[in-house]
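Single-structure report; data block below.
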Amino acid sequence: MSRNQRYTALVLRVRPQGESNREAFFLTAEEGILRATLYGGPKSKLRSQVAPWHAGRLLVYHDPVRDSRKISDFDVESWKPGLRELYDRTASAMTLAEIILAAQGGGGGWEQALALAGESLSALEEADENEAVFLLIQFIWRWLDFLGQRPSLDYCSSCACEYPPDGVLWYSRYEGSLLCPSCAHSPRGDDYLELSPGLRRWLGIADSIAPGNLRRYTLDASLAGQARSLGSAIAGGLLGRKIRIGEI
Ligand SMILES: [Zn+2]
(Lines give C-alpha, C1' and ligand atoms only; values in the text may rest on other atoms or scores of the structure.)
Protein backbone atom coordinates (compact mmCIF):
# COMPACT_ATOMS: atom_id res chain seq x y z
CA MET A 1 0.00 0.00 0.00
CA SER A 2 1.29 3.41 -0.93
CA ARG A 3 2.11 5.58 2.02
CA ASN A 4 2.09 8.72 -0.08
CA GLN A 5 -1.22 10.51 0.18
CA ARG A 6 -2.46 13.36 -1.98
CA TYR A 7 -4.49 16.29 -0.76
CA THR A 8 -6.03 19.52 -1.97
CA ALA A 9 -4.61 21.83 0.65
CA LEU A 10 -4.32 25.35 1.99
CA VAL A 11 -1.39 26.29 4.26
CA LEU A 12 -2.67 27.83 7.49
CA ARG A 13 0.44 28.10 9.63
CA VAL A 14 4.14 27.28 9.48
CA ARG A 15 6.45 27.33 12.48
CA PRO A 16 10.00 26.23 13.28
CA GLN A 17 10.52 22.70 14.52
CA GLY A 18 13.95 21.92 15.95
CA GLU A 19 17.11 23.24 14.28
CA SER A 20 16.22 23.37 10.62
CA ASN A 21 12.81 21.80 10.12
CA ARG A 22 9.35 23.27 10.11
CA GLU A 23 5.95 22.17 11.19
CA ALA A 24 3.13 23.04 8.80
CA PHE A 25 -0.62 23.01 9.35
CA PHE A 26 -2.94 22.60 6.39
CA LEU A 27 -6.65 22.69 5.77
CA THR A 28 -7.33 19.82 3.38
CA ALA A 29 -10.49 18.92 1.46
CA GLU A 30 -9.97 15.26 2.30
CA GLU A 31 -9.21 15.17 6.04
CA GLY A 32 -9.64 18.67 7.44
CA ILE A 33 -6.72 19.92 9.51
CA LEU A 34 -3.47 18.10 8.77
CA ARG A 35 -0.09 18.57 10.43
CA ALA A 36 3.11 17.54 8.64
CA THR A 37 6.84 18.14 8.96
CA LEU A 38 8.81 20.04 6.37
CA TYR A 39 12.42 18.88 6.28
CA GLY A 40 15.24 20.92 4.83
CA GLY A 41 17.25 24.07 5.32
CA PRO A 42 16.52 27.64 4.25
CA LYS A 43 17.51 26.95 0.65
CA SER A 44 15.08 24.10 0.10
CA LYS A 45 12.59 24.73 -2.69
CA LEU A 46 9.76 23.25 -0.68
CA ARG A 47 10.33 25.76 2.07
CA SER A 48 9.35 28.70 -0.14
CA GLN A 49 6.34 26.78 -1.40
CA VAL A 50 4.96 25.77 1.97
CA ALA A 51 4.10 29.24 3.28
CA PRO A 52 0.90 30.66 4.75
CA TRP A 53 -2.11 30.93 2.40
CA HIS A 54 -0.48 29.10 -0.48
CA ALA A 55 -2.90 26.54 -1.87
CA GLY A 56 -2.40 23.59 -4.16
CA ARG A 57 -1.76 19.85 -4.42
CA LEU A 58 0.02 18.36 -1.44
CA LEU A 59 1.85 15.06 -1.28
CA VAL A 60 2.48 13.67 2.20
CA TYR A 61 4.39 10.59 3.25
CA HIS A 62 2.71 8.92 6.20
CA ASP A 63 4.67 6.58 8.43
CA PRO A 64 1.97 4.49 10.08
CA VAL A 65 4.36 2.98 12.63
CA ARG A 66 5.50 6.29 14.06
CA ASP A 67 2.29 8.00 12.93
CA SER A 68 4.34 10.84 11.53
CA ARG A 69 3.77 12.81 8.36
CA LYS A 70 6.40 14.30 6.09
CA ILE A 71 5.79 16.72 3.24
CA SER A 72 7.07 15.11 0.01
CA ASP A 73 5.85 17.73 -2.43
CA PHE A 74 3.62 20.78 -2.66
CA ASP A 75 2.52 21.99 -6.05
CA VAL A 76 1.31 25.56 -5.44
CA GLU A 77 -1.63 26.63 -7.59
CA SER A 78 -2.50 29.86 -5.75
CA TRP A 79 0.14 32.05 -4.06
CA LYS A 80 -1.99 35.03 -2.95
CA PRO A 81 0.92 37.50 -2.76
CA GLY A 82 -1.53 40.39 -2.24
CA LEU A 83 -2.16 39.22 1.32
CA ARG A 84 1.34 40.33 2.32
CA GLU A 85 1.12 43.77 0.71
CA LEU A 86 -1.05 45.41 3.35
CA TYR A 87 -0.90 44.96 7.11
CA ASP A 88 -4.70 44.77 7.46
CA ARG A 89 -4.98 42.02 4.88
CA THR A 90 -2.27 40.02 6.63
CA ALA A 91 -3.92 40.55 10.02
CA SER A 92 -7.33 39.39 8.76
CA ALA A 93 -5.81 36.37 7.00
CA MET A 94 -3.90 35.37 10.14
CA THR A 95 -7.04 35.55 12.28
CA LEU A 96 -8.96 33.58 9.65
CA ALA A 97 -6.30 30.83 9.76
CA GLU A 98 -6.31 30.80 13.55
CA ILE A 99 -10.10 30.39 13.63
CA ILE A 100 -9.95 27.44 11.23
CA LEU A 101 -7.18 25.80 13.29
CA ALA A 102 -9.31 26.16 16.41
CA ALA A 103 -11.91 23.91 14.78
CA GLN A 104 -9.54 20.96 14.97
CA GLY A 105 -11.50 17.78 15.60
CA GLY A 106 -14.66 19.11 13.96
CA GLY A 107 -15.86 16.68 11.35
CA GLY A 108 -16.94 16.62 7.75
CA GLY A 109 -17.65 19.08 4.98
CA TRP A 110 -14.00 20.04 4.61
CA GLU A 111 -14.36 20.74 0.92
CA GLN A 112 -16.88 23.43 1.85
CA ALA A 113 -14.52 24.76 4.53
CA LEU A 114 -11.74 25.02 1.97
CA ALA A 115 -14.05 26.86 -0.43
CA LEU A 116 -15.14 29.33 2.29
CA ALA A 117 -11.54 30.07 3.24
CA GLY A 118 -10.36 30.28 -0.38
CA GLU A 119 -13.10 32.74 -1.38
CA SER A 120 -12.43 35.03 1.59
CA LEU A 121 -8.65 34.97 1.10
CA SER A 122 -8.98 35.78 -2.60
CA ALA A 123 -11.24 38.76 -1.83
CA LEU A 124 -8.83 39.88 0.92
CA GLU A 125 -6.06 40.14 -1.66
CA GLU A 126 -7.88 43.08 -3.21
CA ALA A 127 -9.20 44.68 -0.01
CA ASP A 128 -8.33 48.05 1.49
CA GLU A 129 -7.89 48.49 5.28
CA ASN A 130 -11.59 48.86 5.93
CA GLU A 131 -12.74 46.07 3.63
CA ALA A 132 -10.23 43.65 5.16
CA VAL A 133 -12.01 43.93 8.50
CA PHE A 134 -15.49 43.32 7.07
CA LEU A 135 -14.32 40.40 4.97
CA LEU A 136 -13.05 38.82 8.17
CA ILE A 137 -16.38 39.45 9.92
CA GLN A 138 -18.20 37.91 6.95
CA PHE A 139 -15.93 34.87 7.13
CA ILE A 140 -16.54 34.52 10.89
CA TRP A 141 -20.31 34.68 10.37
CA ARG A 142 -20.20 32.05 7.63
CA TRP A 143 -17.76 29.88 9.58
CA LEU A 144 -20.10 29.88 12.57
CA ASP A 145 -22.74 28.41 10.28
CA PHE A 146 -20.27 25.81 8.98
CA LEU A 147 -19.65 24.78 12.61
CA GLY A 148 -23.39 24.58 13.23
CA GLN A 149 -23.10 27.20 15.98
CA ARG A 150 -24.74 30.22 14.41
CA PRO A 151 -27.79 31.73 16.09
CA SER A 152 -30.84 32.52 13.95
CA LEU A 153 -31.37 36.06 12.66
CA ASP A 154 -35.14 35.43 12.58
CA TYR A 155 -36.02 33.84 15.91
CA CYS A 156 -34.96 34.50 19.51
CA SER A 157 -32.57 31.81 20.80
CA SER A 158 -34.39 31.73 24.13
CA CYS A 159 -38.16 32.17 23.67
CA ALA A 160 -38.26 31.42 19.91
CA CYS A 161 -40.39 34.49 19.17
CA GLU A 162 -40.06 35.87 15.66
CA TYR A 163 -38.16 39.16 15.60
CA PRO A 164 -39.91 42.15 14.08
CA PRO A 165 -37.91 43.32 11.02
CA ASP A 166 -37.07 46.66 12.67
CA GLY A 167 -36.34 45.31 16.17
CA VAL A 168 -33.00 45.52 17.99
CA LEU A 169 -31.52 42.16 19.02
CA TRP A 170 -28.97 41.38 21.71
CA TYR A 171 -26.01 39.06 21.33
CA SER A 172 -24.95 37.28 24.51
CA ARG A 173 -21.17 36.76 24.61
CA TYR A 174 -21.38 34.05 27.22
CA GLU A 175 -24.06 31.99 25.54
CA GLY A 176 -23.22 32.83 21.92
CA SER A 177 -26.95 33.40 21.38
CA LEU A 178 -29.13 36.15 19.90
CA LEU A 179 -31.98 37.28 22.10
CA CYS A 180 -35.10 39.41 21.84
CA PRO A 181 -35.28 42.50 24.12
CA SER A 182 -37.43 40.68 26.73
CA CYS A 183 -35.04 37.72 27.00
CA ALA A 184 -31.91 39.90 27.20
CA HIS A 185 -32.33 40.75 30.86
CA SER A 186 -31.77 44.29 32.11
CA PRO A 187 -29.46 45.73 33.16
CA ARG A 188 -27.60 44.69 30.03
CA GLY A 189 -24.00 44.82 31.14
CA ASP A 190 -20.92 43.84 29.19
CA ASP A 191 -22.40 40.47 28.38
CA TYR A 192 -24.74 41.88 25.76
CA LEU A 193 -23.95 43.47 22.41
CA GLU A 194 -26.53 45.46 20.50
CA LEU A 195 -27.39 44.33 17.01
CA SER A 196 -29.38 46.95 15.08
CA PRO A 197 -31.76 46.06 12.23
CA GLY A 198 -29.26 47.48 9.73
CA LEU A 199 -26.52 45.13 10.90
CA ARG A 200 -28.96 42.23 10.91
CA ARG A 201 -29.72 42.93 7.25
CA TRP A 202 -26.02 43.21 6.45
CA LEU A 203 -25.31 39.84 8.11
CA GLY A 204 -28.08 38.26 6.05
CA ILE A 205 -26.57 39.72 2.87
CA ALA A 206 -23.01 38.82 3.88
CA ASP A 207 -24.13 35.22 4.28
CA SER A 208 -25.58 35.01 0.80
CA ILE A 209 -23.08 36.83 -1.40
CA ALA A 210 -19.54 36.02 -2.53
CA PRO A 211 -16.83 37.81 -0.52
CA GLY A 212 -15.69 39.52 -3.71
CA ASN A 213 -19.01 41.44 -3.77
CA LEU A 214 -19.08 42.47 -0.12
CA ARG A 215 -17.61 45.94 -0.80
CA ARG A 216 -20.93 46.93 -2.39
CA TYR A 217 -22.63 46.75 1.01
CA THR A 218 -21.07 49.31 3.31
CA LEU A 219 -22.05 50.11 6.89
CA ASP A 220 -22.21 53.53 8.53
CA ALA A 221 -19.85 54.25 11.43
CA SER A 222 -22.25 53.13 14.16
CA LEU A 223 -23.17 49.83 12.48
CA ALA A 224 -19.52 49.25 11.56
CA GLY A 225 -18.67 49.55 15.27
CA GLN A 226 -21.39 47.04 16.15
CA ALA A 227 -20.12 44.66 13.47
CA ARG A 228 -16.56 44.87 14.85
CA SER A 229 -17.76 44.17 18.39
CA LEU A 230 -19.88 41.24 17.25
CA GLY A 231 -17.06 39.78 15.13
CA SER A 232 -14.61 40.20 18.01
CA ALA A 233 -16.99 38.53 20.47
CA ILE A 234 -17.64 35.54 18.21
CA ALA A 235 -13.96 35.13 17.29
CA GLY A 236 -13.02 35.44 20.98
CA GLY A 237 -15.46 32.64 21.81
CA LEU A 238 -14.06 30.39 19.06
CA LEU A 239 -10.43 31.08 19.99
CA GLY A 240 -10.87 31.11 23.76
CA ARG A 241 -9.05 34.41 24.15
CA LYS A 242 -9.78 38.11 23.95
CA ILE A 243 -9.47 39.54 20.48
CA ARG A 244 -10.20 42.95 18.95
CA ILE A 245 -10.92 42.82 15.25
CA GLY A 246 -9.87 45.83 13.24
CA GLU A 247 -7.62 47.27 15.94
CA ILE A 248 -3.87 47.14 15.96
ZN1 LIG B 1 -36.88 35.98 23.50
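The values are calculated or read from the model by the stated rules, or taken from the named source; none is laboratory data. Bear in mind the structure is a predicted one, so any value in this text is a computation, not a measurement. Cβ atoms come from the backbone with ideal geometry, glycine included; neighbour counts cover every protein chain shown.
In a residue-by-residue description of region 105-115, the property of being within 14 Å of the chain's Cα centre (by Cα), closer than 18 Å to I234 by Cβ and crowded, with 19+ Cβ neighbours inside 10 Å applies to at least one position. Candidates in region 179-200 are the residues that are in a loop (DSSP other than H, G, I, E, B) and more than 10 Å from the ligand (Cβ to nearest atom); of these, the one that is nearest to G237 (Cα to Cα) is D191. Every condition in (1) aliphatic (A, V, I, L, M); (2) at pLDDT below 95; (3) under 29 Å from A97 (Cβ atoms) holds for V168 except the one numbered (3).
Hey, any hits in region 165-178 for a residue that's charged (D, E, K, R), part of a helix (DSSP H, G or I) and away from the ligand (no atom under 16 Å from the Cβ)? No, because not a single residue in region 165-178 is charged (D, E, K, R), part of a helix (DSSP H, G or I) and away from the ligand (no atom under 16 Å from the Cβ). Listed by first and then second residue, the pairs with beta-carbon distance under 9 Å, at least 6 apart or on different chains, first residue in region 15-31 and in contact (Cβ under 8 Å) with a residue 12 or more places away in the chain, second among the acidic types (D, E), are Q17/E23; A29/E111; E30/E111. Among the candidates Y192, Y217, the residue that is aromatic (F, W, Y) and loosely packed, with under 14 Cβ neighbours inside 10 Å is uniquely Y217. Mind listing just one residue for me: the one in region 129-164 that is of a type in the set (S, T, N, Q) and more than 16 Å from the ligand (Cβ to nearest atom) and, of those, farthest from the chain's Cα centre (by Cα)? Ranking the qualifying residues of region 129-164, first place goes to N130. No other residue among S196, S208, S229 is at pLDDT 95 or above and in contact with a strand residue (DSSP E or B) (Cβ under 7 Å, 6 or more places away or on another chain) apart from S229.
As a summary of the residue check, Y39 satisfies the conditions (1) farther than 27 Å from L219 by Cβ; (2) buried (at least 22 other Cβ atoms within 10 Å of the Cβ); (3) not hydrophobic (A, V, I, L, M, F, W, C) except for the one numbered (2). Under the condition of being hydroxyl-bearing (S, T, Y) and under 25 Å from L214 (Cβ atoms), the residues counted in region 136-173 number 3. Is it the case that some residue within region 43-60 is more than 13 Å from Q5 (Cα to Cα), modelled with pLDDT under 95 and among the β-branched types (V, I, T)? Among the residues of region 43-60, not one is more than 13 Å from Q5 (Cα to Cα), modelled with pLDDT under 95 and among the β-branched types (V, I, T), which makes the answer no.
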